[in-house]
Structure formats: C-alpha cells, structure tokens
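Participant: A single structure is presented below for examination.
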Amino acid sequence: MFNKILIANRGEIALRVIRTCREMGIKTVAVYSTADKDSLHVKFADEAVCLGRPPSSESYLNIPQIMAAVEITNADAIHPGYGFLAENARFAQICCEHGIKFIGPTPQMITAMGDKITAKETMIKAGVPVVPGGEGLLESVEEAKSLAKDIGYPVILKATAGGGGKGMRVVWEEAELEHAFNTAKAEAGASFKNDGLYLEKYVEEPRHIEIQIAGDRYGKVCHLSERDCSIQRRHQKLVEESPSPFMTDDLREKMGEAAVKAASAINYESVGTIEFLVDKHKNFYFMEMNTRIQVEHCVTEEVTNFDLVKEQIKIASGESISGRNYYPEMHAIECRINAEDPYNDFRPSPGKITVLHQPGGHGVRIDSHTYAGYVIPPYYDSMIAKIIAVARTREEAINTMSRALSEYVIEGVKTTIPFHQQLMRNEDFRKGNFTTKFLESFNML
Ligand code: ADP
C-alpha cells in the first residue's frame, strides 16, 4: 500500500480523497493555488504545497509544479480527483516515468477512451451498442450534410475532445447545419484546442443512465449498477440518483453486461463509468467512458455500501477485486449545490460565505469544502457542496432531501438550493417522469 498520496485537485473532491486516506492510514499532501490557501483541503492534509497563482494553468494544471511538489514531499502516488488532470494521458505517462503511481488507469487506457470518436470505434468492435451515426471525424459541411441526410434529422454535432457539455449542437434541419457546424467547430477549438467534430443521431427525449464499473490489473471487471443523471441544464448534471426510476431488472442486466464488455475491451483497470443514453423504448446506446472517479460517485457508494475511492486506491496498489456485480440496496439522490443564482439564469455567484449552517440527521451526507467565512474564488467551477440523501425508497429519499435542503443556510452568495427545493416538490420529478429535456420547460417560481 502507498505511504503518502498527493492529491492533485481542490475543493470537495480533494477533501473526499483525504478522508479516505486518513481512514486507510495513508499520509496526504494537498496542493493549492494562492486563491485556495484558506481552503479546507489544505488544512485537512498532513502537508500542503502551494503551486502558484490562481489560474488553473499556473496551478492545478501545472504539471512541472505538481511533480516538484511530489518530489519535495516524497509522495509515492498521485490521486487526480476529477476534472483538471484526471483524464490527461500525458500526465499519467509522466507519473509512470517518474515512478509515481497515478491512481487511475494507464495512459493507454485514458487515450483509448479520451477521444470520443476513437472510443466509439472501440465500442463498435467490442459489440457494445452506440448511437447511430458517422464513424470518424467530419471533413467538411458537405460531408456532414450528406451524413445527416442518411441518418435522418434531428442530428447532434459533437466535439471529439468534448467535455462539460461544450462543443455540442443539435440540428433539426439541413438549413441549420452549416451555421451549427461552424459554431461548434469554433467552440471546440477554443475550449479543447481540438476542433474535430463528429455527427450522430440526436436521441429524442432520452435518459442519461450510466453504469459504475471497476476493473483490476488481473482482468476482472464488475459493475456496481446505474446512476440516472437525466436532470441536466445545458448538458450538465445537476441531480443524480441510484437506482434509476426508469430501470428494470432486465435492463440493468443488459446495461451492466454491456458496460462490463466495454471496460473489458480495453482491459480497464481502476474505477470508471460507462455513460449511455436510453430512449423511451429502453434501447440504450454507449455515449462515452469516464476514466476517473465522478462527481456523482457518492450515490453509488450509499446504495452499494462501498467506499469507491478506497477501492480505487486498493486497485492502484495492485489488489484484486472480487469480480462480482453489486446492486442497489437503498435509494440515494444527490443534489449539486452550486454558487449560482437560479433566479438569474444560473449566473455564477462567487464571494464570501458569511453564514453557514449545514443539514444533518439520519440519511443525510454532505461533501463540501466550505465553512463560514470561506471565500468562493471566481476561477474554478461553481460547485460548493453535494448533498446526498439515502433511504429505503425513492419517495423517502426525496422527503429526506427536501428536509435537508430546508435546513441548509448559506448566506453571502446565491446558491442553487431554491432550485433543488422546487425540483423535489415537482410532481413529474416525484413520479420519476423526466428525461434530459426536463429542465428546458422548468421555470423557477
Ligand atoms: P460531455 O462529455 O460534454 O459531458 P456527453 O457526450 O457526455 O458530453 O453528453 C452530455 C449530454 O448531452 C448527455 O447527457 C445528453 O443529455 C446530451 N447528448 C449527448 N449526445 C446525445 C445524442 N446523441 N442525443 C441526445 N442527447 C445527447
């Protein structure tokens, strides 16, 4: 087992990893930018190293600085969390070359799944269903037009290097295609320094259901059932739950089997997620694989009673997994609390938290790095907390979540708490009646 792990991340996930390390008796090193010097992850870690100025390029994405921090603290492994360098194959490679264990898959596995079009080709070969569409990158608008005609509108243009919902355009008819192609290409180029686009069928009113998997270096792969992440705003997840209210035992078996097949196709080692779109007829299509721990991993932890970060660290240290699959024994819902104003088009609201009271009680878990007096910096993402409610049934979990939200007091900045409160009261949400389009017709009262 590792002696000391450096966490190349910030915020709630850095804290999340530190907590597990402490339970495992592993020492921790936090890294931080000057904007995060008062952050809880810095205080909770055994050691902390300042990386540089606030911009990510000078701190959390600054590989030479991070490697220097590893060297001076004598850490033997790096946990990348999610975002930042978590899916950066070059970083994983540099770790290997320096004899530092990257807690995640190998650089080759990250590369195989990092680019969406390559991942899709790998899945087609492995016999996993994918969204119908073109194979390979689009060379021109003309090619896109002829392909779209073959597949049939609506179609979606997607950036092969995409993430966070960027570089995607839904196109309903040919007249819109040229403009969509040019804007998606420009957005992809600016966001990912890779303007490669591909096109696929736009699945109408789908659900986003993903399968948590784990694999070890001895070739064993298992799944830990699904998370429903259909409550999204602009293709970004706001609420996740497990099990999915749309799931049947039969569909879970099929999707679980497909996910295990997908991960086995690249001999996947570590925890990871296979994302699918599911249409109203319960057809499911591979969308992408995330080769890291995800924000919403906690709902799976609560329903299967696993510490996924611990499993991830154990796998990285060479331990084997049992290889059997795990099924939800409880119902868990997670609400992402962002420093955004839901009454003002979710505009970011950085600043100082003047008053904070966090909920507690039976069935409530809070993962957050905030405290009264904490200043939310404007440089990073706006998520400040995750509330996870757990109960025996979905209805009880929703009631627990409503109660927890009503206790949560955050003053000084605007948050998405009022949005989640209204969502928990919404009849369609309570009935489990929703797709990824749900929030498009949702108005704050
Ligand atoms: P990102 O990596 O940017 O998060 P994803 O490929 O995971 O992008 O897609 C994000 C979301 O976009 C999905 O959850 C879904 O809501 C929507 N989406 C992506 N592809 C399609 C598609 N072919 N049809 C319908 N919706 C899609």
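Values quoted throughout were computed directly from the atomic coordinates according to the rules given, and no laboratory measurement underlies them. Note that the structure is a prediction, hence the values are computed from the model and not measured. Neighbour counts are summed over all protein chains in view; Cβ atoms, including those assigned to glycine, are modelled from backbone coordinates with ideal geometry.
Participant: Tell me which aspartates and glutamates have Cα within less than 16 Å of Lys282's Cα, excluding those fewer than 8 residues away on the same chain?
Facilitator: Leaving aside aspartates and glutamates fewer than 8 places away in the same chain, those within reach of Lys282 are Glu204, Glu205, Glu210, Glu226, Asp228, Asp249, Asp250, Glu253, Glu257.
Participant: Find how much the distance from Asn443 to Ser320 grows on full extension, using 0.36 nm per residue of separation minus their present alpha carbon separation; answer in nm with one decimal. Spell out each step's value before the answer.
Facilitator: On the way: separation 123, 0.36 × 123 = 44.28 nm, distance 4.82 nm.
The span from Asn443 to Ser320 would gain 39.5 nm if fully extended.
Participant: Cross-link partners among lysines for Lys4, C-alpha distance below 20 Å, same-chain residues fewer than 8 apart left out?
Facilitator: Straight-line reach from Lys4, under 20 Å: Lys27, Lys43, Lys101, Lys310, Lys314.
Participant: Continuing with the same structure: Do you know the relative contact order of the range 375-434, to the nearest whole percent, from alpha carbon pairs under 8 angstrom that are 6+ apart?
Facilitator: Values: 26 pairs, mean separation 14.4, N = 60.
Here the relative contact order equals 24 percent.
Participant: With the alpha-carbon atoms as the only input, what is the per residue convex hull volume for the chain in Å³? If you can, show how the numbers build up before the last one.
Facilitator: Working: hull volume 60.9 nm³, N = 445.
Spelled out: Cα convex hull of the chain, divided by residues, is 137 Å³.
Participant: How many nm separate the modelled label positions at Thr183 and Asp249, each set 7 Å beyond the Cα in the direction of the Cβ?
Facilitator: Computed distance between label sites Thr183 and Asp249 equals 4.8 nm.
Participant: Kindly list the residues of the range 384-412 that lie in the label zone of Glu329, defined by a backbone N under 14 Å from the point 7 Å along the Cα-to-C-beta vector.
Facilitator: 391-392
Participant: What distance in nm separates the simple spin-label points at His98 and Asn305, each placed 7 Å from Cα in the Cβ direction?
Facilitator: 4.0
Participant: Which entries in Lys37/Lys414; Lys116/Lys166; Lys158/Lys414 show an alpha-carbon gap greater than 25 Å?
Facilitator: Working: Lys37/Lys414 23 Å; Lys116/Lys166 13 Å; Lys158/Lys414 32 Å.
From the list (Lys37/Lys414; Lys116/Lys166; Lys158/Lys414), the Cα-Cα distance tops 25 Å for Lys158/Lys414.
Participant: Still on this structure, please answer the following. Hey, got the dipole for the range 4-103? About the Cα centre, +1 on K and R Cβ, -1 on D and E Cβ, debye to the nearest 20?
Facilitator: Roughly 160 debye for the range 4-103.
Participant: Can you list, largest first and rounded to whole Å, the semi-axes you get for the range 207-441 by taking the square root of 5 times each eigenvalue of its Cα gyration tensor?
Facilitator: Values: eigenvalues 183, 84, 54 Å².
Semi-axis lengths for the range 207-441 are 30, 21, 16 Å.
Participant: Beyond 27 Å between alpha-carbons counts as too far, so tell me which of Lys220/Lys431; Lys193/Lys237; Lys261/Lys431; Lys185/Lys437 fall in that bin.
Facilitator: On the way: Lys220/Lys431 37 Å; Lys193/Lys237 24 Å; Lys261/Lys431 32 Å; Lys185/Lys437 24 Å.
Going by Cα-Cα distance, Lys220/Lys431; Lys261/Lys431 fall outside the 27 Å limit.
Participant: For the pair Ser140 and Val170, how long in nm is the line joining their label points, each one 7 Å along Cα→Cβ?
Facilitator: 3.0
Participant: At 222 nm, what value in deg cm²/dmol follows for the chain if DSSP H runs of at least 4 each add -39500 (n - 2.57) and the sum is divided by all its residues, to the nearest 500? Write out the running numbers ahead of the final one.
Facilitator: Details: 14 runs with 150 residues, N = 445.
It comes out at -10000 deg cm²/dmol, rounded to the nearest 500.
Participant: Now, a different point. Along the charge dipole of the chain, Cβ charges K/R +1 and D/E -1, which of Val130, Ile63, Val170 sits furthest on the positive end?
Facilitator: Ile63
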